[in-house]
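Peer 1: Before I ask anything, let me first share the structure, which is written out below as structure tokens.
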Amino acid sequence: MTDLISWIAVFPEVILLVMACAVTLLDLLVKSRLRTGTYALTLVTLAVVAGLQAFYAMTGGTIYGLNNMVVSDPMGNWLKCFATAATMVTLVYSRPYAGDRDMLRGGELFSLSLFALLGMFIMISGNNFLMIYLGLELLTLSSYALVALRRDHAQATEAAMKYFVLGALASGFLLYGLSMMYGATGTLDINRVFDAIFGGQINAQVLTFGTVFVVAGLAFKLGVVPFHMWIPDVYQGAPTAVTLMIGGAPKLAAFVIVIRLLVEGMLPLWFDWQQMLMLLAIASLLVGNLAAIMQTNLKRMLAFSTIAQMGFVLLGLISGVVDGNINSIVDAYSSAMFYVVTYVLTTLAAFGVILLLAREGFESEEISDFAGLNQRSPLYAAIMGICLFSLAGIPPMVGFYAKLSVLQALIGTGQTLYIGLAVFAVIMSLIGAFYYLRVVKVMYFDEPITATTVSAPMDVRAVLSVNGLLVLVLGMLPGGLMALCAQAVAAMITT
């Protein structure tokens, strides 16, 4: 029975692994320039896995498998479902772009994307330090290869090298921190780490140092200040299709490992890691928004925007425990979960428009390249405008409600410090609105620099339209997704 439960817990991961290997092998038989067979098989695989994860999530149960090394719970299953959907959308947007740049000579884009998603699944399911680290390395190694996929492009190769060096450093921080946690508690199991810390029979000094290194490693994966150095260079240097792959679904996995390690494993140390996250959040909001104002490259601007957006996620995480009181923990963590899910949804559509405007020999990633887009294509200008308004937190877009939910969690604590943080976050959002609205102004009021019409395959046009519509509709009707996040977090807390 134990073996059966273990197989049930990891069944989606097994399917994904088998199909990733099958896609890699079967691609050898595909001859079309756009790898039509490989693309279709990848999307079918992702659709099946997403449906399976949604089924697991809706059953509402929590399963531990492989000797408690993995956990299948509603929060993890919903985020794996969202990550799978995000990967599907990314590949739909990326295929025409990759085909024009000779990135589909083999099926590496599809197979590496599946292996990267498998890494996210392992990270999300991990209930053991080594399992989480294994998933993290699978994701990052696949990401390094994806960034360098355009072999003849010097900027992409440079970005891959920077990503590799800084990523190895961050992985070292995290691994060193986890080893110190193991030394202090005597276990790699996250639940037992919690029990050991709660019991108090541990080396407090080693534990504190371990927490510092763990937070540093997690901060790099989230891309927050001062561990943000890789974000602008990699976002700008990587092929835009890969930038979306890195900036979308992996944010969901990074959020979950923060929850697994800091909340499920180290909640008794809340005072220590919340103070660190608070400083990271303040610095990220300040640096991200101010640096984004000076950018002329849209991808680089969105990179600094990401840093600021992750600062908001951290604000949600630090308001869960106040003076040892955990009454607001569900509201706080569910607001952070809602924020990261809606941020990924908005990012997909924004980069989808950038990919759509790119054509062979032209990247269309400068802000000036969007001049007069409304005259060339009102639909795509409207979708981009919706995304930018959402990222700025302007109603009725979903980004407004996401920011509002985090601010409500902060203010709901009733603490002067947290209310001050909410005020600071609002001020930073007002500053951030400038660089988002600047792009809207360029799209709607500047004269177009080219008369080239904007065209896209039917599947890209349909998915992009639905994507943009969701950003608008979820802003007007956020209750369902917010309730889903609250139920998932509540289930995680109680098990």
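The values are calculated or read from the model by the stated rules, or taken from the named source; none is laboratory data. Since the model is a prediction, treat every value here as computed from it, not as a measurement. Positions of Cβ are generated from backbone atoms using ideal geometry, with glycine treated the same way; all protein chains shown enter the neighbour counts. The protein model used for the area step is the full one, side chains on, heavy atoms only, and it has no ligands, DNA or RNA in it. Shrake-Rupley method; radii C 1.70, N 1.55, O 1.52, S 1.80 Å.
Peer 1: On average, how much accessible surface per residue is there in region 1-85, in Å², for a 1.4 Å probe, leaving out ligands, DNA and RNA?
Peer 2: That works out to 48 Å² per residue.
Peer 1: When N counts the residues of region 118-182, how does its alpha-carbon radius of gyration compare numerically with 2.2 N^0.38 Å, as a ratio?
Peer 2: Here the answer is 1.26, to two decimals.
Peer 1: Let me ask another. Work the Kirkwood hydrodynamic radius out for region 161-294: mean of 1/r over every pair of different alpha-carbon atoms, inverted, in Å.
Peer 2: 15.8
Peer 1: Could you work out Rg/(2.2 N^0.38 Å) for the chain, with Rg from alpha carbons only?
Peer 2: Working: Rg = 21.5 Å, N = 495, 2.2 N^0.38 = 23.2 Å.
In units of the 2.2 N^0.38 Å rule of thumb, it is 0.93.
Peer 1: Which number comes out as Rg/Rh for region 388-441 once both Rg and the Kirkwood Rh are worked out on C-alpha atoms?
Peer 2: On the way: Rg = 12.1 Å, Rh = 11.5 Å.
The Rg/Rh ratio comes out at 1.05.
Peer 1: To check my understanding: the extent here is largest minus smallest coordinate of the Cα atoms along each principal axis. What are those three numbers for region 369-495, in Å, largest first?
Peer 2: The Cα atoms of region 369-495 stretch 56, 33, 20 Å along their principal axes.
Peer 1: Which three extents, in whole angstrom, do the alpha-carbon atoms of region 221-339 cover along their principal axes, largest first?
Peer 2: 45, 25, 20
Peer 1: Something else: Under the definition of Cα pairs under 8 Å and six or more residues apart, what whole-number percent is the relative contact order of region 296-381?
Peer 2: 29
Peer 1: Can you tell me the relative contact order of the chain? Whole percent, Cα pairs under 8 Å, sequence separation 6 or more.
Peer 2: Once normalised by length, the contact order is 14 percent.
Peer 1: A further question follows. Using the structure shown, list the pairs from Lys221/Lys403; Lys162/Lys441; Lys162/Lys251; Lys162/Lys221; Lys80/Lys221 with a Cα-Cα distance above 24 Å, or answer none.
Peer 2: Where the Cα-Cα span goes over 24 Å, the pairs concerned are Lys162/Lys441.
Peer 1: Can you give the translational diffusion coefficient of region 415-459 in µm²/s, computed by Stokes-Einstein from the Kirkwood radius over Cα pairs at 10 °C and 1.306 mPa s?
Peer 2: 113
Peer 1: Mind checking the dipole of the chain: about its Cα centre, +1 per Lys or Arg Cβ, -1 per Asp or Glu Cβ, Debye to the nearest 20?
Peer 2: 620
Peer 1: For region 186-236, what is the accessible area per residue in Å², given a 1.4 Å probe and the full set of protein chains?
Peer 2: Per-residue accessible area for region 186-236 comes out at 41 Å².
Peer 1: Count neighbours as other Cβ atoms within 10 Å of each site's Cβ, and list the GluC sites (Glu not before Pro) in region 308-371 that are DSSP loop with at most 16 such neighbours.
Peer 2: Answer in residue order: Glu360.
Peer 1: Of all alpha-carbon pairs in region 217-280, indicate the percentage at a distance above 21 angstrom.
Peer 2: The share of Cα pairs beyond 21 Å in region 217-280 comes to 31 percent.
Peer 1: Lys and Arg at +1, Asp and Glu at -1: add these up for the other residues within a Cβ distance under 14 Å of Leu52 and post the number.
Peer 2: Taking every other residue near Leu52 into account, the sum is 0.
Peer 1: For the chain, with the dipole built from +1 on Lys and Arg beta-carbon atoms and -1 on Asp and Glu ones, taken about the Cα centre, which of Gly106, Leu25, Gly399 lies farthest toward the positive end?
Peer 2: Gly106
Peer 1: Given Cβ point charges of +1 (Lys, Arg) and -1 (Asp, Glu) and nothing else, what value in debye, to the nearest 20, does the dipole of region 57-202 about its Cα centre take?
Peer 2: Dipole about the Cα centre, nearest 20: 220 debye.
Peer 1: Could you give the nm distance between label points at Arg105 and Ala168, where each point is 7 Å from its Cα heading toward the beta carbon?
Peer 2: 2.5
Peer 1: Region 419-492: Rg/Rh from Cα coordinates, Kirkwood Rh?
Peer 2: Reported Rg/Rh, Kirkwood definition of Rh: 1.12.
Peer 1: Sticking with this one: Considering region 328-401, what Rg and Dmax in Å follow from its alpha-carbon atoms?
Peer 2: 15.0, 52
Peer 1: Tally up the carbon and sulfur contribution to the accessible surface of the chain as a whole percent, 1.4 Å probe, everything protein left in place.
Peer 2: Answer for the chain: carbon and sulfur cover 70 percent of the accessible area.
Peer 1: Further question: For region 283-317 and region 370-415, write down the distance between their C-alpha centroids in whole Å.
Peer 2: So the separation of the two Cα centres works out to 14 Å.
Peer 1: How big is region 82-233 by Rg and Dmax over its Cα atoms, in Å?
Peer 2: 18.1, 60
Peer 1: Kindly provide the trypsin sites (Lys or Arg not before Pro) of region 1-95 that DSSP labels as loop, not H, G, I, E or B, and whose Cβ sees at most 11 other Cβ atoms within 10 Å.
Peer 2: Working: sites: Lys31, Arg33, Arg35, Lys80; in loops: Lys31, Arg33, Arg35.
The qualifying sites are Lys31, Arg33.
Peer 1: Can I ask one more? Could you tell me the largest-minus-smallest coordinate of the C-alpha atoms of region 38-149 on each of the three principal axes, in descending order and whole angstroms?
Peer 2: 45, 28, 16
Peer 1: Here's a follow-up. From the residues Pro448, Phe389, Val206, which one has its Cα farthest along the dipole of the chain in the positive direction, the dipole being from +1 and -1 charges on Cβ of Lys/Arg and Asp/Glu about the Cα centre?
Peer 2: Pro448
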